[in-house]
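Chemist: Quick one: the structure is below, questions incoming.
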Amino acid sequence: MLQIKPILSTLMRNKSGPILLLIQIILSVAIVANASFIISERIALMDRDSGTAEEEVFNFRLYSFDSSIELESQLQRDIRTIRDLPGVMDASATSMVPLSGGGWSSGYTVGNTEETAKDTESAAVYYGDEHMLNTLGVDLIEGRNFYEEEVLTGSPDLATHGIVSKAFAKASWGDEPAIGQIMYAGDFGDKPIQIIGVVDKLQGAWVNSSYLDNSVILNINLVNVFTKVLVRAEVGTLAQLKEAIPAALHKDNRNRVIEGFTLISEHRKRVYRNHELMATVLSMMVVLLLLITSLGLAGMVMFNIERRTKQIGTRRALGAKKRDIISFFLVENYIICLVGGVIGGLVAVQLGQQLMSVYSLPKLEPIYPIMTIMGLLLLTTVAVILPARKAAKISPAIATRSV
Amino acid sequence: MFFYYLDLAWRSIKKTPLLSLLMVLAISIGIGITITTLNVYQLMSENPAGDRSDKLHGVQLWSQGKDAWKEFNGQVTYQDAYNLRKSDVPVRQTAMFVTGLALQTEDPDFSPLLESVRVTDSDFFEMFSVPFLYGKAWDKGVDTEAMYQVVINEDLNKQLFSGENSIGKTLYLDRKPYQIVGVTKAWSPSPLYYDVTTGAFKDSAKLFVPFSLAPIEEYQSWGNNQSWKREPINNYSQRLSSEMHWIQYWVEVQDDKQRDEYAEWLTRYVEQQQLIGRFESPEAAAKVSNVEQWLKINEVVPEDNKILVGLSVLFLLVCLVNMLGLLLAKFLKRAPEVGVRRAIGASRAQIFSQHMVEVGLIGFGGGLLGLLWAWGSLSMLSAHFDLEAALTQLDLTMWIVAPSIAIFAALIAGVYPAWRICSTNPSAHLKSQ
């Protein structure tokens, strides 16, 4: 019914064309499967939520270069000034900014006795005050926030209370409740920090690290000539606050550089830029590749039709319907596509394994070659049907004309 | 003969415009993608040190404790840097790091700028071939007897002094006066090989100050600070005596002999430090790497780029196979015409070269169009992603590379169809005329 036998013998009579098509399909499937896998993997990476109100929160840098500045009281005055500005919802000094690519990270010691003590996974370390949770816009799901009187000002070593992200709590204490646990900034027993709260989600600064979701907030207002300040303000007010904040702070003391106003959503764009670039270039490649393959296929079919004009005319004269002619070309194409697709799928898996062993790419999931073959079948159907319909219109008379 | 073939080729291309256009498009897209990825790859993997690559060496020390990092760190501790500077084996050497300082001028209305500043030794400029517009580096004596001197770059000189010779003038960094001793010409190697710790593709600093000022001025480090040891670092003197890695160290040697000599000196240094209780790991050692090795160790070319180049070469391969198929179709269609030419005396070699010229012409067209694609996609990428200009300008060599690859690839794809057509028997086609 599908005329597979005559089609096969046609294919065998003139091998070079179909073989070339086969090679092209094998390579296309191998490339497209791997490329689309990498694309979807990158998109999944970029889709991860930082846990913060990314469109509302921005940060800026504050550098006090005048050694006569009393940093501690100056910082407190500055933060109060910022909180009073119109449009500002909250503000807090910080040691780092989510997704910004720079900041602090550390591991801690946990355990009940010195013998069972172990190191935790690394975590991003945010030093901030009781306003930090609200400034970042993260959700506290267990325990409580810092009390105002718990927040200390000075060096990182002073920390006594901590709020951790759910991911870090799970990695460090498993299913035990995190609230009330003690972790040590030094060796076991050294510089204890009591966990008082858990936030649902808070990412660190390095999106390519394995511990992106591990975060710790400690009850310290860092005092340093170089300070980062986080501000949460109504969407769209950044442009105006960019002017208002330096003006307000310079009124207090001019000897500071105030710059680098950046929304977290802008940090996100920058920090994922390379992934986005990779996904874009690969998508371009996939689209062009499919375009070229289908154009090439259409070209081949057109050529075949010209060569087989006589054959088609004869078949039509002998009673073949238009439908039969189209299905002849379609089935021919499907045979090549399926054979090429299967071999291409195997090559794709092989290529994926090579990429995995040489580069840090995850294993290719089989769904990608399968989807690619399906897509290719669909695409080639269109690429074949258009010229084949022309072929079906060949009049039987043509066949007899030049014999 | 060649021009006659060229003419024939042009006629043949005009006769089947659609098919020819398809071929040119196929090869140009393949070339466009390949050139795009190759261009970025080439610019990233370029060795900007040129012929000095074998003389300049980055120094690494395995100073960490037993169970700490399992590899050499890219930077060294301050105390090691301090000690290494005492070696008299290398011709030149420098310790360095990046800091940020508030810049003011004598003009009270000038609003302070926060600038990144490289803290380094006087040898830096000679080692990394920094060209000077005015003045020169600070004296070698300043490396031991600190003085408030600064070297600025051409851009900053334009911005602050409208490009005039500013030697001897005063700048304020964190409110301290510094005397300008040199103005460098625009200079920014890419990749910024001497400090890749915070990304290899950025501009070099606009200001340079003596390393000997670091313990006095307590410059903060704007680079990576990596500790393997839990130790309190709450003030600058603790930082200087800590095991934290945050200083880059480079030496220049005359030749391989001197490099070996220096490696030997470092080995003795490690042994000597072990005696006083540092370098506790059994793997403790020192390592020097020239610029080429340095770029490799630090994986300056990101993996993504290698994957892209690999995939785009496969892509080009698909385009070629595609073209091969189309060429085959096109040439075989012309078999009767070739039969006539053969019958009236054209040799196989002539038929073959005639068709190769045609293929070459298509390849050349594809190459040119491919360059256009590459240029377009690079500008689009750089605009959309705000990439460093250094990475997205079309390298000059590509103007030669692209058409060459295109013609070469097209010729390879054309060999089989051209051979098929010239080896067919003329009588078979003459009969059916």
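Chemist: Which links in B:LYS70/B:LYS296; B:LYS55/B:LYS202; A:LYS251/B:LYS158 stretch past 22 Å when you go from one Cα to the other?
Modeler: B:LYS55/B:LYS202; A:LYS251/B:LYS158
Chemist: Looking only at chymotrypsin sites (Phe, Trp or Tyr not before Pro) in DSSP loops with at most 15 other Cβ atoms within 10 Å, what is the longest site-free stretch of chain A?
Modeler: A:148-358
Chemist: Excluding ligands, DNA and RNA, what is the solvent-accessible area per residue of the protein assembly as shown at a probe of 1.4 Å, expressed in Å²?
Modeler: Ligands and nucleic acids excluded, the result is 45 Å² per residue.
Chemist: Now, a different point. Distances longer than 19 Å among the Cα atoms of the range B:282-374: what percent of all pairs is that?
Modeler: 66
Chemist: Return the loop-located trypsin sites (Lys or Arg not before Pro) in the range A:236-269 (DSSP other than H, G, I, E, B) with at most 12 other Cβ atoms within 10 Å of their own Cβ; answer none if there are none.
Modeler: A:ARG254
Chemist: I'd like the distance separating the alpha-carbon centroids of the range B:205-247 and the range A:108-122, in whole Å.
Modeler: If we compute the Cα centre of each part, the gap is 29 Å.
Chemist: What aspartates and glutamates sit close enough to A:LYS242 to cross-link, taking a C-alpha to C-alpha distance under 16 Å and skipping anything fewer than 8 places away on the same chain?
Modeler: Here the aspartates and glutamates satisfying the reach criterion relative to A:LYS242 are A:GLU55, A:GLU56, A:ASP78, A:ASP84, A:ASP90, A:GLU234, A:GLU259, A:GLU266.
Chemist: Average partner chain C-beta neighbours within 10 Å, per residue of B:227-240?
Modeler: 2
Chemist: Starting from the Cα coordinates of the range A:66-254, work out the convex hull volume and express it per residue in Å³.
Modeler: Roughly 121 Å³ of hull volume per residue.
Chemist: While we're on this one: Report the B-A buried area as the accessible area lost on both sides summed, probe 1.4 Å, in Å² to the nearest 100.
Modeler: 4600
Chemist: Please express the shape of the protein assembly as shown as an equivalent ellipsoid: the semi-axes are the square roots of 5 times the eigenvalues of the C-alpha gyration tensor, given largest first in whole angstrom.
Modeler: Those come to 63, 34, 26 Å.
Chemist: Here is a follow-up. Just flag the chymotrypsin sites (Phe, Trp or Tyr not before Pro) in the range B:60-135 sitting in loop per DSSP whose Cβ has no more than 16 other Cβ atoms within 10 Å.
Modeler: Hits after loop and neighbour filter: B:TRP69, B:PHE110.
Chemist: Follow-up. In Å³ and rounded to a whole number, note down the convex hull volume per residue for the Cα atoms of chain A.
Modeler: That works out to 205 Å³ per residue.
Chemist: For B:GLU218, project a label point 7 Å along Cα to C-beta. Then give me every residue of the range B:96-125 with its amide nitrogen under 16 Å of that point.
Modeler: What the label zone holds, given the 16 Å backbone N cut-off, is B:100-102.
Chemist: Separate question: Quantify how strongly other chains surround peptide A:98-105 by giving the mean number of their Cβ atoms within 10 Å of each of its Cβ atoms.
Modeler: What the average comes to for A:98-105 is 1.
Chemist: May I pose another question? Just how far, in whole angstrom, is the range A:28-52 from the range A:163-211 if you go by their alpha carbon centroids?
Modeler: Rounded to whole Å, the Cα centres lie 29 Å apart.
Chemist: Helix-only estimate, please: 222 nm mean residue ellipticity of chain A, summing -39500 (n - 2.57) across DSSP H runs of length 4 or more and dividing by its residues, to the nearest 500.
Modeler: It lands at -17000 deg cm²/dmol.
Chemist: List the pairs from B:LYS66/B:LYS257; B:LYS229/B:LYS287; A:LYS228/B:LYS136; A:LYS269/B:LYS185 whose alpha-carbon separation is above 25 Å, in the order I gave them.
Modeler: B:LYS66/B:LYS257; A:LYS228/B:LYS136; A:LYS269/B:LYS185
Chemist: When the Cα centres of the range A:300-378 and the range B:166-204 are compared, how far apart do they sit, in Å?
Modeler: 59
Chemist: May I pose another question? If each DSSP helix of 4+ residues adds -39,500 (n - 2.57) and the sum is divided by the residues in chain B, what number results at 222 nm, nearest 500 deg cm²/dmol?
Modeler: So the helix-based figure for chain B works out to -16000 deg cm²/dmol.
Chemist: Taking the DSSP beta bridges in the range B:63-284 as the whole, what percent of them are antiparallel, to the nearest 5?
Modeler: Of those bridges, close to 75 percent are antiparallel.
Chemist: May I ask you to list the GluC sites (Glu not before Pro) in the range A:1-92 that are in a DSSP loop and have at most 13 other Cβ atoms within 10 Å of their Cβ?
Modeler: A:GLU70
The values are calculated or read from the model by the stated rules, or taken from the named source; none is laboratory data. Please read all numbers here as calculations on a predicted model, not as lab measurements. No Cβ is skipped: glycine too gets one built from the backbone with ideal geometry, and neighbour counts run over all protein chains shown. The accessibility values were calculated without ligands, DNA or RNA, using every heavy atom of the protein model including side chains. Shrake-Rupley method; radii C 1.70, N 1.55, O 1.52, S 1.80 Å.
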